[in-house]
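Before any comments, here is the structure.
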Amino acid sequence: MTKKVKVIIIAIIVLFIISSFCILRNTDNNKRETNITSGLVLEKTENGKKPLIVLQTIEGEKDALKKISLIVDDKNQWNSIEKGKYYYVTFYEKTNGEKVLQEAQLNEMLGKMIYEKALVKDEENEDKAQENEEKKKYVAIYPSTDKLDTSELTELDKFNTDIDGDGKEEAIDLYTAAQRDSKGEIGWDDGQKWFLLVRDEDTEYVLFDEYVQLGTIKFWTCTSKDEYHILTLQDGSSVFKLCDYTYDKEKGSFIKKEIFNPEFLNVIYGSFIS
Ligand SMILES: [Ca+2]
């Protein structure tokens, strides 16, 4: 074998190895799973070592908003992608978790449709949250198992009326823990416990049992159509709370509804009649 033939054989072997490697690599590339998604380009950055785009996509049944980062290897592709636009994209994931962009196609219309849908979902979720918040304002009050000992309390007001429509009157009683002195004057502290009870011989409901700081409680009873209402107003320098208690004949309970009780309240002025 001449030297020339040897060189040709070695060259053929080297070529064979290189082409085999290329074929194998292509096969490997073909095996890579291509993912398809669409979304809004939120960011385009070259700050890191690799140019990448951050895409906001909508995924899953719940249409959750997600962000994915895609490395853009192709220079022309990088130049053509615009921030703030919607694209259809295909990408693959490397074993190290990096996602690499393959194709990107502008798709404004579809993007907008998807995002509008997601916004509607968001609003629906907000509505549900509001509904739950509304529900929180309703509390059912059932008869107490033990009767409250009122012997040490000061009765401030009492009114008898037939709330449940059984022909017998119930008593609505307002108490405070502050005590009267020998002259009948109440020794108000900065704060004290207040109670509002509804009771007949057998049953007692505690509508109000709270410590009231620098404030008072008033109550009203009224009817509206077939409903019986007891309204309470708690006022003070940082509270102005209006509650409505309606009697539910079927369940034998009161339903308390908080009508007005703003947060972080600072009362600036309250009128008075002189
Ligand atoms: Ca009654």
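The set of residues in the stretch 147-175 that are among the small types (Gly, Ala, Ser) and either more than 16 Å from the ligand (Cβ to nearest atom) or in contact with a Leu (Cβ under 7 Å, 6 or more places away or on another chain) (or both) contains only SER151. Residues that are surrounded by 14 or more Cβ atoms within 10 Å (Cβ to Cβ), under 15 Å from ILE81 (Cα atoms) and among the hydroxyl-bearing types (Ser, Thr, Tyr) within the stretch 31-60 comprise just one, SER38.
Screening ALA178 against (1) away from the ligand (no atom under 16 Å from the Cβ); (2) outside any loop (DSSP other than H, G, I, E, B) leaves a single unmet condition, (2). Every condition in (1) more than 30 Å from TYR247 (Cβ to Cβ); (2) in contact (Cβ under 8 Å) with a residue 12 or more places away in the chain holds for ASN76 except the one numbered (2).
Name the single residue, out of those in the stretch 121-167 being in contact with an Asp or Glu (Cβ under 7 Å, 6 or more places away or on another chain) and part of a strand (DSSP E or B), that is nearest to SER224 (Cα to Cα). Filtering first and then ranking leaves THR161. Of all the numbered requirements in (1) over 30 Å from VAL41 (Cα atoms); (2) surrounded by 12 or more Cβ atoms within 10 Å (Cβ to Cβ); (3) at pLDDT 90 or above, LEU101 misses one, and that requirement is (1). Within the stretch 135-171, being loosely packed, with under 10 Cβ neighbours inside 10 Å and of a type in the set (Lys, Arg) holds for LYS135, LYS136. Residue pairs whose Cβ atoms lie under 6 Å apart, separated by 6 or more positions or on different chains, with the first residue in the stretch 199-213 and surrounded by fewer than 13 Cβ atoms within 10 Å (Cβ to Cβ) and the second at pLDDT below 95 and not in a loop (DSSP other than H, G, I, E, B), are TYR211/GLY191. Restricting to the stretch 188-238, give me the number of residues that are of a type in the set (Val, Ile, Thr), in a strand (DSSP E or B) and within 16 Å of the ligand (Cβ to nearest atom). So the count comes out to 4.
Considering only residues in the stretch 106-155 that are of a type in the set (Gly, Ala, Ser) and closer than 30 Å to GLY184 by Cβ, the one that is nearest to the chain's Cα centre (by Cα) turns out to be SER144.
The values are calculated or read from the model by the stated rules, or taken from the named source; none is laboratory data. Quantities reported herein were computed from a predicted structural model and do not represent experimental measurements. With ideal geometry, Cβ positions are generated from the backbone for all residues, glycine too; neighbour counts draw on all protein chains shown.
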